[in-house]
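Nothing in this text is a laboratory measurement; each read-out follows from the coordinates by a stated rule. All values derive from a computational prediction rather than experimental measurement. In this analysis, Cβ positions are derived from the backbone assuming ideal geometry, glycine residues included, and neighbour counts consider all displayed protein chains.
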Amino acid sequence: MSFAKIPKPDDLINIDYAPPASEWTKTPVDFRPGTWSYSTAAKNLVSLGLPNPRAWQPTDEDWKLPENWKQIILDGMKERLEKYRSFRLFMDICVRCGACADKCHFYIGSGDPKNMPVLRAELLRSVYRRYFTMSGKRFGKLVGARDLTVDVLKEWFYYFYQCTECRRCSVFCPYGIDQAEITMIGRELLNLVGCNINWVLEPAANCFRTGNHLGIQPGGIKDMLEFMADDIEDRTGVRVDVPLNKKGADILFITPSADYFADPGTYTCMGYMMLFHEIGLNYTFSTYASEGGNFGLFTSHDMIKRLNAKIYAEAKRLGVKWILGGECGHMWRVIHQYMDTMNGPADFLMEPVSPITGTRFENARATKMVHITEFTADLIANGKLKLDPRKNDHIRLTFHDSCNPARAMGLFEEPRYIIKNACNHFFEMAEDTIREKTFCCGAGAGLGNDENMEMRMRGGMPRAMAVRDVVKKHGVNRLGCICAIDRATLTTLMDYWVPGVSVMGVHELLANALIMTGEKKRTTDLRGDEISE
Amino acid sequence: MTKFLISVTVIPIVILLALGISMSPAMISILTGVIPYVVFVILLAGFAYRIVIWGKAPVPFRIPTTCGQEKSLPWIKANPVENPAGPPGVLGRMAQEIFLFRSLFRNTSVKIIGGRPVYDGAKWLWLFGLMFHFSLLIVAIRHLRFFTEPVTPCVGMVSALDGFLEIGVPTLYLSDIALLAGLTFLFLRRVIIPQLRYISLVTDYVVLLLIAGVAVTGLLMRHFFPVDLNALKTMAMGWVTFAPVASGNISVIFYIHLCFVFILMAWLPFSKLMHMGGVFMSPARNLANTSRMKRHINPWNAPVKVHTYVEYEDEFRDKMKAAGLPVEKE
């Protein structure tokens, strides 16, 4: 990862929060290199059947919009105002108190006032007023209404792809106005006229066809999992199974494809496999539903549903009892808040019960999908795992709450319980930066690409600085998380702001400490690093 | 700054309007006999219309923002209010939000100090916001003494409590002071803080100015330019009994007061003041986090084009067989 083209950290941190002299409606958007993402390649739009496939880039003068683009957007707005109470309400009730303003990591990191959630929403709200409210139609500018123009559309594109849908603003808003909801609708509207980014829609297109974002075909998945089984055998002396597309398994296991594709996610995946082997779980991976993540969430509600449909379909085909889900942030937003509504009811599955402890996961009784940290915390609480936390004594860990498990589920204690049982040196970051107030990695929602690097480092700054504080105070050297996007993007973020801190999943930590039946004396952790003993 | 200057013009406009009205008995009788009903109808109908429009839009997904531990395993302590698992929790959460401004209480400010962001508690907005809203409520309740006969006992009690310091004659109400303090704070932060000024619309200032107009004229009448309270009461009782009476010329300040009140009331349904109704309906707050426990129904859930397993296997069958993976069709 090269930081050559972006300012040095010491310069980047000089953030000016003073707004520009010109009013925001008169300040045109500037597509500065390093702060935006490339447009979607036409082939990906074609394969998903999405409108207006063409060659273009955001820096082009002419975006090659359809002739009636304005009508398409306004019709799209009207439709969504009638379909989503959230959207209509959030357009109407903001009082611009500004409580959300300095809660956004992109605003804190950039000082650009249009990154204040209130103003990012006003970009859309001003158009809503102009075409959908009586006062806006009549009094226009005086009441904060403005015409929909190509420049406005460009502004939407720039700023709706500078929001990671992390929902931190919604925690602080007195009415719970959720910028994620507004950004999601904003991106849906942009998608109607073919203005979207490749880092979102290439994974979505891949996922639609091959079952996973990375486009890995069935044999490739098997090879990767086998390769990890080899690594596990090398470290532990235990050979674990790689069950794939297995009918008659009790449990279908779904995790983001990033977990079996690249470091450091692979170590987390090895962790799952070791755990399942050790407890003798009758489970299976699937190649058809080989993706937990869902980049539809960053495209449109329809796309969420199209990609998510595979999970229940595959569970039904394989005849499993229930579904277990790996560590991933936005994946769990979709599983928890959308899946059952969109693709349920899952009446062909059984209410999840841990085959090892007999615990009934009542909180998942309708959706029938359990989070891996809920599952593992229950195993530990029932004494089903032998753990030696000293195996992690070379690690001084802090934990990053991923946005969606935090603010769309409230999954705080489960991962911490596992961590506290699996290692001896755990340090929390400052209170303002964890749990429901956690800061985004700065590159979620499809923004984790290289061309957007400056904005990623800006958006990730608050998280990175909180890590740096515990590095100084407690000598922390490892950042734990339960999100596949985090594992990729926080690694880059740490390299830039806090070199020397590496990133790991909670199940990698667990597997380091897990004493497996018949294992050899371990001299290294899963990464091959010496254990200090 | 232009927006601010434009908004300030609302004050002289309303005052001039009221002055004009006060010069003509005919206009006065319209202001005190007809306009109150017109305004009240606009307020009620407009308010109801907005609520209906919001209510008609479905809530397709269960999307509460969770601010505490979920209810999961029995031995993990859940936070039933910040992350409600059922109606009682939701009720608690909404009550906290509406009566205590819970979310605003979390407010922090950020500064870059020594090359790192530092977060600081910023409770002023919460404090003055709460003061402002509660004093508005108390002032409104106190005004009920003009509209009930005999005066509802709790109204007398609120007034007595509100004036328990017994400073001056007539007694200075604490809520009046709180209201002015709250207004001043909210107005000054909008004018002075550059970021706030940047996001403010003309209407954001106008709302505050209208409320200030109501409050200041009210205070002037109470403490400096007394008006005939019996005449006021007769007039107000006339309104609520649908038998408006001609009041004679009460006072110019009173007509200014009325003009501010009526403009505010008539505009309310079309303005951001609708947050008073909307706050109850926010899906990020008023839903229980039971998304996996109970299936939430989306009324417009429509079929979408999916990629089926059959299509998938048709494309990859040979590769699956080569990798030794089971297939449905040989």
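Any idea what the relative contact order of region A:204-513 is, in percent, if you count C-alpha pairs under 8 Å spaced at least 6 apart?
18 percent
On alpha-carbon atoms, Rg over Rh for region B:42-94 using Kirkwood Rh?
Looking at region B:42-94, the ratio lands at 1.20.
How crowded by other chains is B:97-110, given as the mean number of beta carbons from other chains within 10 Å of each beta carbon?
So the per-residue partner count for this stretch is 4.
Where does helix B:35-56 land angle-wise versus the long Cα axis of chain B, in degrees 0 to 90, nearest 10?
It is inclined by approximately 10 degrees.
Average partner chain C-beta neighbours within 10 Å, per residue of A:98-110?
Going residue by residue through A:98-110 and averaging, the value is 4.
Using every pair of alpha-carbon atoms in chain B, split the distances into 20 Å bins beginning at 0 and state the percent of pairs per bin, rounded to integers.
Pairs per bin, as whole percents: 21, 46, 23, 7, 3.
Given the C-alpha atoms of region A:445-533, compute the convex hull and give its volume per residue in Å³.
115 Å³
For the ranges A:519-530, A:495-506, B:64-75, what's the packing order if you count other beta-carbon atoms within 10 Å of each residue, average per peptide, and put the highest first?
Ranked from most to least packed, the peptides come out as B:64-75, A:495-506, A:519-530.
Taking a quarter of the surface of the convex hull around the Cα atoms of region A:339-475, what do you get in nm²?
Averaged projected hull area, Cα only: 10.7 nm².
Hey, got the dipole for region B:2-294? About the Cα centre, +1 on K and R Cβ, -1 on D and E Cβ, debye to the nearest 20?
1260 debye
For the protein assembly as shown, state the semi-axes of the equivalent ellipsoid (square roots of 5 times the eigenvalues of the alpha-carbon gyration tensor), sorted largest first and rounded to whole angstrom.
Working: eigenvalues 598, 159, 135 Å².
That gives 55, 28, 26 Å for the three semi-axes.
What FRET efficiency do you get for B:LYS56 and B:ASP318 if R0 is 51 Å and r is their Cβ-Cβ distance, rounded to the nearest 0.05?
Computed FRET efficiency for B:LYS56 and B:ASP318: 0.45.
With runs of 4+ DSSP H residues as the only contributors, calculate the mean residue ellipticity of chain B at 222 nm using -39,500 (n - 2.57) per run, divided by the residue total and rounded to the nearest 500.
Calculated from helices alone, the mean residue ellipticity at 222 nm is -18500 deg cm²/dmol.
Using Cα pairs under 8 angstrom and six or more residues apart, how large is the relative contact order of region B:52-137, in percent?
Working: 71 pairs, mean separation 12.4, N = 86.
About 14 percent, as a whole number.
Once you have the Cα-Cα distance between B:ALA122 and B:PHE242, take 0.36 nm times their residue separation minus that, and quote the gain in nm to one decimal.
That works out to 38.4 nm of additional length.
What's the extension gain from B:LEU5 to B:ASN230 if we count 0.36 nm per residue and subtract their Cα-Cα distance? Could you put the intermediate results ahead of the total?
Details: separation 225, 0.36 × 225 = 81.00 nm, distance 3.89 nm.
That pair, B:LEU5 and B:ASN230, stretches by 77.1 nm at full extension.
When a footprinting reagent is the concern and you count Cβ atoms within 10 Å, what order do A:MET409, B:MET274 take, fewest first?
B:MET274, A:MET409
If neighbour count is taken as other Cβ atoms inside 10 Å, put A:THR266, A:THR341 in order from fewest to most.
Ranked by crowding around the Cβ, least crowded first: A:THR341, A:THR266.
Compactness ratio of region B:277-316: Cα Rg over 2.2 N^0.38 Å, N = residue count?
Computed over Cα atoms of region B:277-316, the ratio equals 2.01.
Using alpha carbons only, how many angstrom separate the centre of region A:208-249 from the centre of region A:51-126?
41 Å
Provide the gained length on full extension for the span A:ASN424 to A:LYS8, in nm with one decimal, where the gain is 0.36 nm per separating residue minus the Cα-Cα distance.
146.3 nm
Take every Cα pair under 8 Å in region A:1-151 that's 6+ residues apart, average their separations, divide by the length, and report that relative contact order as a whole percent.
The normalised contact order for region A:1-151 reaches 19 percent.
So if the hydrodynamic radius of region B:67-212 is defined as the Kirkwood radius over C-alpha pairs, what does Stokes-Einstein give as its diffusion coefficient at 4 °C and 1.567 mPa s, in µm² per second? Can you show the working numbers first?
Values: Rh = 18.7 Å.
In µm²/s, the coefficient is 69.
Using the beta-carbon distance between B:ALA45 and B:MET23 and R0 = 30 Å, what value does 1/(1 + (r/R0)^6) give for FRET efficiency, to the nearest 0.05?
Efficiency, from the Cβ-Cβ distance: 0.45.
Name the residue from A:PHE375, A:TYR312, A:GLY344 whose Cα lies farthest towards the positive end of the charge dipole of region A:204-513, charges +1 on Cβ of Lys and Arg and -1 on Cβ of Asp and Glu.
Value computed over the given set: A:GLY344.
Going by average Cβ neighbours within 10 Å, how do the peptides A:227-234, A:277-284, A:19-26 rank, with the highest at the top?
A:277-284, A:227-234, A:19-26
If you take each beta carbon of peptide B:111-117 and count the beta carbons of other chains within 10 angstrom, what is the mean? The partial results should precede the final answer.
Details: counts 2, 9, 0, 1, 6, 9, 13.
Mean shielding by partner chains, rounded to a whole number: 6.
Give me A:ASP241, A:ASP250 sorted ascending by neighbouring Cβ count inside 10 Å, so fewest comes first. Walk me through the numbers on the way to the answer.
Values: A:ASP241 13, A:ASP250 16.
Neighbour counts put them in this order, fewest first: A:ASP241, A:ASP250.
With r as the distance between the Cβ atoms of A:PHE348 and B:ALA181 and R0 = 41 Å, compute the FRET efficiency 1/(1 + (r/R0)^6) and round to 0.05.
Result of the calculation: an efficiency of 0.10.
Helix-only mean residue ellipticity at 222 nm, chain A, DSSP H runs n ≥ 4 weighted -39,500 (n - 2.57), per residue, nearest 500. What is it?
-13000 deg cm²/dmol
For region B:1-134, build the convex hull from the C-alpha positions and give me its volume per residue in Å³.
Cα convex hull per residue, to the nearest whole number: 240 Å³.
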